Amino acid sequence: MSFRRGIACLTLVGGALVLSGCGSKQNSLHPESPPAHGITTLWWIMLAASVVGLGVIAGILIASWIRRDRIGGDKPAMAVILGLGIATPIAVIAALFVYSDIFLIRGTSPPAANAATGTTMTVRVIGHQFWWEVRYPGSRAITANEIHIPVRTHVLVLVHSRDVIHSFWVPQLNRKIDLEPDQVNRVELYADKVGRYRGQCAEYCGLQHAHMGFYVYADPPQVFARWLRTQAKPATHTSALFMSQCGNCHMIRGTSATGDAGPDLTHVGSRTSIAALTLHNTPVHMRAWIRDPQRWKPGAQMPALDLTNAQVDKLTAYLESLK
Ligand code: CUA
């Protein structure tokens, strides 16, 4: 392969890799809420300003290279040094500060803790290594890694962590917010359109940080209300095998499994994914996950149990039946 063809090939592959990150469900340049629109606009303004800045710098470099052979050299003009080197950066950074830290920050902030809340519902999100616990104050519903909210509704999300610092980020809906062990932080979620928005832990929190994803489902209000009613119900049936093997770490409301080290599995069969979006929730994946969690998420808290194939099949069937 010629050098030129090699470069073309690399560019194509690189471009495809970069573009594959776009148009998916986790794209901060594809905003679906007013705060996310504000953040995206800022991003484009900064990109445009950087391109202009790069152009100016490249122009000066090229000009100095063209004039490199001048005997005695040019004395740099003081006006250029003061104007481009000092005044322009100060003006640009000051403008950016005023725009983002004074105006944009208001549009992306949740209502103040002591103000009459402008939100109509609250969700609590608790970070764990390496998954998200989701609770709905006023309801018994507890779920994991899949947050449902009603569409076009201002939802206040209160976040904190059970272990290390994590960061809750749904790029299409709003800015990031840190989850800390000793304080509750706040972010507002609002979705313009019904849909599924991918979120991701945005603060390195350990070996499986990259496998700490979640979905936000923005549902029509009646669909959301029905979902919440279902999730609040206890499980209708139990499994002696689950209680003995898994019940110390996982909760299934309505049974004797009351562990709180891992996710609440009361309605795990209704979720689309397992292991914080690492695997699709299918019987095949559930079986593989139970058999050897460390194969899929090395460093996760869930251990492999010494189970027979028949036991794994039984647990899989039980968990998938919990709709
Ligand atoms: Cu949790 Cu990174």
**Asked** Taking the stated definitions as given, is residue 241 in contact with a helix residue (DSSP H, G or I) (Cβ under 6 Å, 6 or more places away or on another chain) and more than 16 Å from the ligand (Cβ to nearest atom)?
**Response** yes
**Item:** Selection from the stretch 231-248 of residues that are out of contact with any His (no Cβ under 7 Å at 6 or more places or on another chain) and under 30 Å from residue 121 (Cα atoms)
**Value:** 232, 233, 234, 235, 236
**Prompt:** Considering the stretch 190-227 alone, what residues qualify as being out of contact with any helix residue (DSSP H, G or I) (no Cβ under 9 Å at 6 or more places or on another chain) and over 17 Å from residue 127 (Cα atoms)?
**Reply:** 191, 193, 195, 196, 197, 220, 221, 222, 223, 224, 225, 226
**Request:** Take the stretch 259-306 and flag every residue that is surrounded by 15 or more Cβ atoms within 10 Å (Cβ to Cβ) and among the β-branched types (Val, Ile, Thr).
**Result:** 266, 268, 274, 278, 290
**Message:** Against the definition (over 22 Å from residue 25 (Cα atoms), away from the ligand (no atom under 16 Å from the Cβ) and open to solvent by less than 60 Å² (accessible area, probe 1.4 Å)), how does residue 64 come out, yes or no?
**Reply:** no
**Request:** Go through (1) surrounded by 18 or more Cβ atoms within 10 Å (Cβ to Cβ); (2) within 16 Å of the ligand (Cβ to nearest atom); (3) over 20 Å from residue 273 (Cα atoms) one by one and return the number of the condition residue 206 breaks.
**Result:** (1)
**Fill in**
Residue set 181, 234, 220; condition within 16 Å of the ligand (Cβ to nearest atom) and either open to solvent by 10 Å² or more (accessible area, probe 1.4 Å) or hydrophobic (A, V, I, L, M, F, W, C) (or both); output residue 181
**Request:** State the number of residues belonging to the stretch 142-178 that are β-branched (Val, Ile, Thr) and either open to solvent by 50 Å² or more (accessible area, probe 1.4 Å) or within 13 Å of the ligand (Cβ to nearest atom) (or both).
**Result:** 4
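Take residue 124 and tell me if it is open to solvent by 30 Å² or more (accessible area, probe 1.4 Å) and either out of contact with any strand residue (DSSP E or B) (no Cβ under 8 Å at 6 or more places or on another chain) or not in a strand (DSSP E or B) (or both).
No.
The values are calculated or read from the model by the stated rules, or taken from the named source; none is laboratory data. Computed from a predicted structure; not experimentally measured. For neighbour counting, all protein chains shown are included, and Cβ atoms are generated from backbone atoms with ideal geometry for every residue, glycine included. In case anyone asks, the SASA skips ligands and DNA or RNA and just uses the protein heavy atoms, side chains included. Shrake-Rupley method; radii C 1.70, N 1.55, O 1.52, S 1.80 Å.
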